[in-house]
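J.: Attaching a single structure in structure tokens format; questions to follow.
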Amino acid sequence: MRVAPLVLLGALVVASVAASCSHRGASPAPSASDDPKLDPATCGGCHAEQFRAWSGSMHAYAGDDPAFVAMNARAQRETNGAIGSFCVQCHAPMALRLGLTTDGTNLASLPAKLRGVTCFVCHSVDEVRGTHDAPLHFATDGAMRAGIADPIATDAHPSVYSALHDRERVDSAQLCGSCHDVQTPAMVDAERTFAEWRGSIYAHDDPQHRRACGSCHMPASDGVAANVPGAPIRRVHDHAMPGVDVALGPFAETDAQRKAVQSMLDPAIVARLCVKPAQAKLSVELTLDNRGIGHDWPSGASHDRRAWAEIVAYAGSQMIFQSGVVAEGQSITLLADPALWLLRERLLDARGGDARFLWQAASFDVASLPPKVTDVASDPSFDRSVTKSWLVDATADKITARVRIVPIGLDVIDDLVASGDLDPSLRAKVPVFTLRSTVLEWSADRGLPSCVP
């Protein structure tokens, strides 16, 4: 795994702002790997804040991510190379476009500027020609595209307004979504974030509800888009683009990345905990409602993710019931818990059994929380919440609940370690996030039946 060059880029940019900003020449799209426009450090000279945020993003990490590297190596081996460029077309598109890789297995030998999803990859797209698997068309005019309607002229490059890059336009979801919907060579829709969003209330061009990808994942603030003389104050956007995934190896901005993921997750789900009598027992009901996320939760590579509810009941100081409680380092899928509420996608092989990886899948089965599709309470599709109940002993006087998620299941990690494709030390780097909005506690003094909140 080669990440050190990228970690050092921040220092390089600070030392060479003047040199980078003075780069001149409006040339066509790069056709050789030594073109300075391909190097994010060149961009960072004038766009220092955007570069800093991007340098710690999963886009920057996409070609170095050890989980991706391990899965791609295993996919190439198990398919005898038939999977080809399928994975690398999203994880290192410029290296593929320049012919420096065909299958991604040699990415570690390539310069850091060609690994991952770089500034040039996104800002040179002028057309999206499909809905999945990175159908991006790159402009040949050398211009960088963004959501700025009146860009100022500079010597660095021509600048062009693009609706695809304007987070206030619903069209902009195409640029993100077409890479975040993945259809395998076997025609299995393994990732469906874009499709989920297109079926939600947020995909309509209605100012009251419109919310494209950048509305959540690239929050806006006031600042300059470029550190050049005469640059006006504009609405600029955070390029850290947090979701759920995090860097497992040494990388830039790792602490900031995890904090951003936590901040993204904390308000994601609305939770309600209700307790009521049920014959000689208590019925504990947890309702989860995806009211603010523009797609399913969890989403993305949800066949790798593991999200679950944890319920614990106490009588005095004694724990009398638990579901979803895992020890540190324990895989949730190995928990002997018939009452477990697990939110994830299951990939299925041709016989209907579990398929661990997307190249093995023939179909899928999903248990997730769907997004809002309407704001009209009289519409039967308005209530998209999901409820699960547990029975506990009537002596319970305190019940706690919370929802937790890991970006990649420890069972997936263990499988990649067992096959020799992943460093076992990375297992301990997988974080467990708890959604703060779902941390609830019921106590008997509330009476029965009663709910929290």
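J.: Mind checking the dipole of the chain: about its Cα centre, +1 per Lys or Arg Cβ, -1 per Asp or Glu Cβ, Debye to the nearest 20?
T.: 440
J.: Let me ask another. Of the DSSP beta bridges with both residues in the chain, give the percent that are antiparallel, rounding to the nearest 5.
T.: Taking every DSSP beta bridge within the chain, about 95 percent pair in antiparallel fashion.
J.: Another question, then. Once you have all Cα-Cα distances for segment 366-415, histogram them in 10 Å bins from zero and send the whole-percent values.
T.: Final binned percentages: 15, 28, 29, 24, 3.
J.: Suppose a student asked you for the relative contact order of the chain, using Cα pairs under 8 Å spaced at least 6 residues apart; what percent would you report?
T.: The value is 15 percent.
J.: Whenever you get a sec, compute what percent of the accessible area on segment 62-158 sits on carbon and sulfur atoms (1.4 Å probe).
T.: After summing per-atom areas, the C and S share lands at 54 percent.
J.: Which net charge results for the neighbourhood of residue 429, defined as the other residues with beta-carbon distances under 11 angstrom from its beta-carbon, given Lys and Arg at +1 and Asp and Glu at -1?
T.: Overall, the nearby charge balance is +1.
J.: Turning to a different aspect of this structure: In segment 77-148, how does Rg compare with the Kirkwood Rh, expressed as the Rg/Rh ratio over alpha carbon atoms?
T.: Dividing the radius of gyration by the Kirkwood radius yields 1.01.
J.: Test of understanding: extend the Cα→C-beta vector of residue 258 to 7 Å, then name every residue of segment 288-330 with backbone N under 17 Å from that spot.
T.: Residues passing the 17 Å test: 328-330.
J.: R0 = 56 Å: FRET efficiency of residue 444 with residue 411, Cβ-based, nearest 0.05?
T.: After rounding to 0.05, the efficiency reads 0.90.
J.: Would you work out the charge dipole size for segment 353-400 about its Cα centre, treating the Cβ of every Lys and Arg as +1 and the Cβ of every Asp and Glu as -1, and quote it to the nearest 20 debye?
T.: 140
J.: Taking the Cα centre of segment 280-378 as the origin, how large is its charge dipole in debye, to the nearest 20, when only Lys and Arg (+1) and Asp and Glu (-1) carry charge on their Cβ atoms?
T.: 60
J.: Return the tail of the calculated pair distribution for segment 325-453, meaning the percent of Cα-Cα pairs more than 24 Å apart.
T.: 50
J.: Considering only protein heavy atoms, with the full assembly of protein chains and a 1.4 angstrom probe, order 369, 448 by accessible area, largest first.
T.: Order by accessible area, largest first: 448, 369.
J.: Quick one: if you stick a label point 7 Å off each Cα along the C-beta vector at residue 327 and residue 82, how many nm between them?
T.: According to this spin-label approximation, the distance is 4.2 nm.
J.: Determine, from the Cβ-Cβ distance of residue 163 and residue 339 and an R0 of 45 Å, the FRET efficiency 1/(1 + (r/R0)^6), rounded to the nearest 0.05.
T.: Taking R0 as 45 Å, the efficiency between residue 163 and residue 339 is 0.40.
J.: Same structure, new question: Using the Cα centre of segment 167-219 as origin and beta-carbon charges of +1 (Lys, Arg) and -1 (Asp, Glu), tell me which of 178, 213, 193 is placed farthest towards the positive end of the dipole.
T.: Farthest along the dipole direction, towards plus: 213.
J.: Sequence neighbours fewer than 8 away in the same chain don't count; with that in mind, list the lysines whose C-alpha is under 23 Å from residue 281.
T.: By straight Cα distance, residue 281 reaches 388, 398.
J.: Using only DSSP helix segments of four residues or longer, with each worth -39500 (n - 2.57), what per-residue ellipticity at 222 nm results for the chain after dividing by its residue count and rounding to 500?
T.: Calculated at 222 nm, the ellipticity per residue is -5500 deg cm²/dmol.
J.: I would also like to ask the following. Return the long-range amide H neighbours of residue 297 (sequence gap of 5 or more, or a different chain), with a cut-off of under 5 Å between placed amide H atoms.
T.: Residues meeting the amide H criterion: 369.
J.: Order 405, 293, most accessible first, counting only protein heavy atoms with a 1.4 angstrom probe.
T.: Solvent-accessible surface, decreasing: 293, 405.
J.: Could you give the nm distance between label points at residue 436 and residue 34, where each point is 7 Å from its Cα heading toward the beta carbon?
T.: Reported label-point gap for residue 436 and residue 34 is 5.1 nm.
J.: Further, regarding this structure: Using the Cα centre of segment 242-324 as origin and beta-carbon charges of +1 (Lys, Arg) and -1 (Asp, Glu), tell me which of 303, 324, 274 is placed farthest towards the positive end of the dipole.
T.: Comparing the listed Cα positions along the dipole, 274 ranks first.
J.: Roughly how many percent of the accessible protein surface of segment 225-339 is carbon and sulfur, given a 1.4 Å probe and a whole-percent answer?
T.: 54
J.: I'm checking a number: the convex hull volume of the Cα atoms of segment 255-367, normalised per residue, in Å³. What is it?
T.: 177
J.: Now for a separate question. Starting from the Cα of residue 281, step 7 Å along the direction of its Cβ; do the same at residue 393; then give the gap between the two resulting points in nm.
T.: Using points 7 Å along Cα→Cβ, the separation is 1.4 nm.
J.: Per residue, how much accessible surface does the chain expose to a 1.4 Å probe? Answer in Å², no decimals.
T.: 44
J.: With P(r) over Cα pairs in 10 Å bins from 0, in percent as the read-out, I listed (1) 5, 22, 34, 25, 11, 3, 0; (2) 4, 19, 29, 25, 15, 7, 2, 0; (3) 4, 18, 25, 25, 18, 8, 2, 0; which label goes with the value calculated from this structure?
T.: Computing P(r) over Cα pairs in 10 Å bins from 0, in percent and matching it to (1) 5, 22, 34, 25, 11, 3, 0; (2) 4, 19, 29, 25, 15, 7, 2, 0; (3) 4, 18, 25, 25, 18, 8, 2, 0 gives (2).
J.: Oh, and also: Quantify, in whole percent, the carbon and sulfur part of the accessible surface of segment 352-438 (1.4 Å probe; protein heavy atoms only).
T.: The nonpolar share, carbon plus sulfur, comes to 49 percent.
The values are calculated or read from the model by the stated rules, or taken from the named source; none is laboratory data. Just so we're clear, the structure is a prediction, and the values are computed from it rather than from any experiment. Don't worry about glycine lacking a Cβ; one is built from the backbone with ideal geometry, like all the others, and counts go over all protein chains shown. To get the accessible areas, we keep the full protein, side chains included, count just its heavy atoms, and leave off ligands, DNA and RNA. Shrake-Rupley method; radii C 1.70, N 1.55, O 1.52, S 1.80 Å.
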